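Here's the structure we're looking at; comments come further down.
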Amino acid sequence: MGHSRRLRVLIMHNRDFAAADDPEFASRADVENAARDVAGALAARGYAVETLAVPTGPLDAIAVVAEVVARGPDLVFNLCESLGGDARPEAVLPSLFELCGVPYPGSGPL
């Protein structure tokens, strides 16, 4: 009888939340709750789940993707809605995932 390997899923989310007195704080911080909920749902279904909070401050997207590649997940669930406090470069991570051959569901860079 063969052993089936559990699929390894990495859930990424941003941690570049604005200050607590910012009126957008709750909606920006909610991505961490979403990541926790997705991780729980996938783990309950037998997936091996890890999370990765993208660092705050100046973003080194190449270093973040290098860490993803080093972890070697079967799939990356990208919940990053902003990078370095700015929503405009949201497509950077999917672009780098495609260049590095990292599988991910959801919208592509375009």
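The values are calculated or read from the model by the stated rules, or taken from the named source; none is laboratory data. Treat the numbers as computed from the prediction; the structure is a model and nothing was measured. All Cβ positions, even for glycine, are placed from backbone atoms using ideal geometry, and neighbour counts span all protein chains on display. SASA here: full protein model, heavy atoms, side chains in, ligands and nucleic acids out. Shrake-Rupley method; radii C 1.70, N 1.55, O 1.52, S 1.80 Å.
Structural remarks
- Modelled this way, with points 7 Å down the Cα-to-C-beta line, the labels at ALA63 and CYS100 are 1.3 nm from one another.
- Neighbourhood net charge (14 Å Cβ-Cβ; Lys/Arg +1, Asp/Glu -1) for GLY106: -3
- Within the accessible area of region 28-81 (1.4 Å probe), percent carbon and sulfur: 55 percent
- Area accessible to solvent at LEU83, 1.4 Å probe radius, in Å²: 10 Å²
- Positive minus negative residues near ASN78 (Lys, Arg vs Asp, Glu; Cβ under 12 Å): -3
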